[in-house]
Structures are given as structure tokens and as C-alpha cells.
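Note sheet for the following structure.
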Amino acid sequence: MNGLATRLRTGDVIEVDIENDGVSALVLLATDEFLILDPCDDRTPIVVRVEDLGPVRVFTDHQ
């Protein structure tokens, strides 16, 4: 399991690879097992199993 994915929270803005493209997505809902992601590109939100999530880059305002 991706350790970072287990720390994702509802409201996080992340970048993930979807269909081999880096896509920004808003985490609409995060549970221990699933995420509902809204890719910020006019696609329909998607449900992803946390264990199937690949590399994740989390946008943060912390320096």
C-alpha cells in the first residue's frame, strides 16, 4: 500500500497519473480503502482503491 495515500484527506489537491498523464485532482472523499477523485479536467469523478493508487504528489501551501 502507498504510505502517502493512507494520509490523504478529503479536500487535498493531488497530482496522479491517469491514463499515463499527470492529472491534478481534488480528493472529494477519502476513506481507509477508497478515494473519490475529481480530475480537474472536466472528466467525471472516479473511485480509486487506495491500494491501487500509484505515485501521488500532494500540493501544499507549506514551504
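A few remarks follow.
- Across the stretch 34-43, rounded Karplus estimates of 3J(HN,Hα) from the backbone phi angles (6.51 cos²θ - 1.76 cosθ + 1.60, θ = phi - 60°) give 9, 10, 10, 10, 9, x, 7, 8, 6, 7 Hz, Gly and Pro being marked x.
- Exposure ranking of F34, F59 by accessible area [1.4 Å probe, largest first]: F59, F34
- Heavy-atom accessible surface of the chain: percent carbon and sulfur, 1.4 Å: 49 percent
- A value for semi-axes √(5λ) of the Cα gyration tensor in Å was derived from the coordinates, and within the list (1) 43, 16, 7; (2) 15, 14, 12; (3) 24, 12, 11 it appears as (2).
The values are calculated or read from the model by the stated rules, or taken from the named source; none is laboratory data. Values in this document were obtained by computation on a predicted structure and should not be read as measured data. Note: areas computed on protein heavy atoms with side chains; ligands, DNA, RNA excluded. Shrake-Rupley method; radii C 1.70, N 1.55, O 1.52, S 1.80 Å.
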